[in-house]
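Here the structure comes first, spelled out in structure tokens, and everything after it is commentary.
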Amino acid sequence: PLPAPGVSVRPVAADVSGYASVQLFVDRARAVDAGFVLDDGNAKDVAEICRRLDGIPMAIELAAARVRALTPREIAIRLFDRFRLLGGHSRSLMPRQQTLKALVAWSYDLLTEPERAVWRRLSVFPGGATLEAAEAVCAAEDVAAEDVLDLVAGLVDKSVLARDTVGDVTLYRMLETLRTFGVERLDDRGETTAVQRRFIAWHVAAVERTLQRIHAREHRPMPTSLRNGWRNVEEAARLAIALNDAQSAVTLSLLVIDWGLGDLHLAEAEEIVSTALGMAGDQDNELRALVLVMYRTLLGFRDAQDPRARTALEEGIGAARRIGADWALHAGLNNLASRLMGAGDWAGAQALRRSLSAVARPPSFPQSGGNAARAR
């Protein structure tokens with residue numbers, strides 16, 4: 001891939017024009033429209049096109065050819081269906097080069113069937129996968145878990161996967177164009193639901209292991225695979241909701257709230273958590289009680305006057321009391337004390353804090369970022 005402007009680059013012509021992918025787009029656009037000029041009016045859209053096409057030269061050339069009929073803004077908007085948009089035709093190109101999809105399909109067909117299976121199944125990870133996650137999701141009747149490492153390594157050698165190191169953990173990522181193709185092939189093979197369920201199950205198990213360590217007061221940080229995979233956590237929660245898996249959706253809500261507070265994705269997190277809690281109904285368990293208490297923090301961080309925040313907190317405390325969940329009860333009462341203090345009720349807050357001495361104090365849930373720490 002050619003270097004493409006990142007989201008942090010200023011969307012003005014002077015700043016994006018130095019990227020090779022942008023230069024290629026402009027050159028090919030002028031070949032079909034001699035009057036095309038990169039300026040501050042279209043620089044943002046051209047940069048977005050190059051970034052979303054992963055800097056792949058063939059894809060950028062096909063996109064630039066659309067300047068004959070569309071503006072850069074219209075091209076960028078239509079990239080949600082990139083294979084249809086970039087399905088042009090040129091007699092000077094070999095058949096596999098006439099569309100982006102044909103080019104990717106040609107590469108896919110060169111692989112062994114086990115390599116294709118791993119490509120398809122890893123496409124459910126929008127944020128990349130660790131080897132452990134890849135083994136859990138890719139292994140099935142046709143692919144043994146112990147073979148996944150060699151298959152992943154083969155896909156790295158063939159540039160289907162990129163290898164990143166985050167701390168002491170290796171993450172395997174896929175260009176969005178290749179991931180989109182993998183998702184389509186997954187659906188064509190009728191594997192989508194089964195692979196999505198394994199994807200959800202792996203993330204739920206990772207959250208449950210983290211909670212067990214917290215209960216055991218093992219003060220270890222959240223696993224790197226979760227800390228750096230928030231796109232995966234969001235995707236897993238949304239898939240659990242789509243598959244009507246209420247228990248998994250509520251479990252994953254713990255991480256969704258942490259992600260929302262840590263990276264200020266408040267609206268997205270609120271949408272997911274409110275839907276998950278609605279699916280769970282009024283069942284009493286420690287996990288739901290804890291999610292309700294943390295949901296209050298999420299709502300309050302966005303709008304301190306949101307009446308739903310108090311309702312969620314009261315429901316969480318009530319559920320924790322009914323089932324004797326000291327961990328959730330302590331968190332809820334401490335949260336309520338902070339709320340009273342913020343409202344100026346110092347006496348009520350101090351009385352609540354004194355009563356907390358009779359409730360087992362929980363260790364902190366692993367934090368994803370500074371905002372989350374301050375919010376709690």
Taking region 159-179 and keeping only residues that are under 29 Å from Asp81 (Cα atoms), open to solvent by 60 Å² or more (accessible area, probe 1.4 Å) and either part of a strand (DSSP E or B) or in contact with a helix residue (DSSP H, G or I) (Cβ under 8 Å, 6 or more places away or on another chain) (or both), one is left with Arg163, Arg173
For region 218-232, does any single residue satisfy the condition of being touching a Phe, Trp or Tyr at 6+ places or on another chain (Cβ under 7 Å), crowded, with 18+ Cβ neighbours inside 10 Å, modelled with pLDDT of 85 or more and assigned to a helix (DSSP H, G or I)?
-> yes
Selection over region 180-193 where residues are assigned to a helix (DSSP H, G or I), more than 15 Å from Lys101 (Cβ to Cβ) and without any contact (Cβ under 8 Å) to a residue 40 or more places away in the chain yields a count of 1
Quick check: anything in region 53-72 of a type outside the set (Val, Ile, Thr) and at pLDDT 95 or above?
-> yes
Looking across region 8-26 at residues that are assigned to a helix (DSSP H, G or I) and of a type in the set (Val, Ile, Thr), the single one that is nearest to Ala65 (Cα to Cα) is Val26
Candidates Asp15, Asp109, Asp81 - the one that is of a type in the set (Asp, Glu), farther than 27 Å from Lys158 by Cβ and free of Cβ contacts under 8 Å to residues at least 60 places away in the same chain | Asp15
Complete set of residues in region 34-71 that are out of contact with any Leu (no Cβ under 9 Å at 6 or more places or on another chain), assigned to a helix (DSSP H, G or I), of a type outside the set (Asp, Glu) and closer than 17 Å to Ala4 by Cα = Ala43, Lys44, Ala47, Arg51
Going by the conditions given, is Ala31 touching a Lys or Arg at 6+ places or on another chain (Cβ under 9 Å), modelled with pLDDT under 95 and not in a loop (DSSP other than H, G, I, E, B)?
-> no
Closer than 25 Å to Ala65 by Cβ and either buried (at least 16 other Cβ atoms within 10 Å of the Cβ) or modelled with pLDDT of 95 or more (or both) - does that describe any residue in region 108-119?
-> yes
Out of region 144-173, which residues are over 21 Å from Val104 (Cβ atoms) and among the β-branched types (Val, Ile, Thr)?
-> Val148, Thr165, Val166, Val169, Thr170
Surrounded by 23 or more Cβ atoms within 10 Å (Cβ to Cβ), at pLDDT 95 or above, outside any loop (DSSP other than H, G, I, E, B) and not polar (S, T, N, Q), is that true of Val137?
-> yes
Enumerate the pairs (first residue in region 122-136 and without any contact (Cβ under 8 Å) to a residue 24 or more places away in the chain; second residue anywhere and open to solvent by 10 Å² or more (accessible area, probe 1.4 Å) and of a type outside the set (Asp, Glu)) with beta-carbon separation below 8 Å, excluding pairs fewer than 6 apart on the same chain, so at least 6 apart or on different chains.
-> Glu135/Ala145; Glu135/Leu149
Which residues, taken from region 252-285, are among the acidic types (Asp, Glu) and either open to solvent by 50 Å² or more (accessible area, probe 1.4 Å) or not in a helix (DSSP H, G or I) (or both)?
-> Asp263, Glu268, Glu271, Asp282, Asp284
Screening Arg296, Arg321, Arg354 for residues that are modelled with pLDDT of 75 or more, in a helix (DSSP H, G or I), farther than 20 Å from Ile241 by Cα and open to solvent by 60 Å² or more (accessible area, probe 1.4 Å) leaves only Arg321
Report the residue count in region 194-204 for those that are without any contact (Cβ under 8 Å) to a residue 60 or more places away in the chain and either buried (at least 20 other Cβ atoms within 10 Å of the Cβ) or over 16 Å from Ala139 (Cα atoms) (or both).
-> 3
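The values are calculated or read from the model by the stated rules, or taken from the named source; none is laboratory data. This is a predicted model, so every value here is computed, not measured. Cβ: placed from backbone, ideal geometry, glycine included. Neighbour counts: every protein chain shown. Ligands, DNA and RNA are stripped out before the accessible areas are found, and what is left, the full protein with its side chains, is counted by its heavy atoms. Shrake-Rupley method; radii C 1.70, N 1.55, O 1.52, S 1.80 Å.
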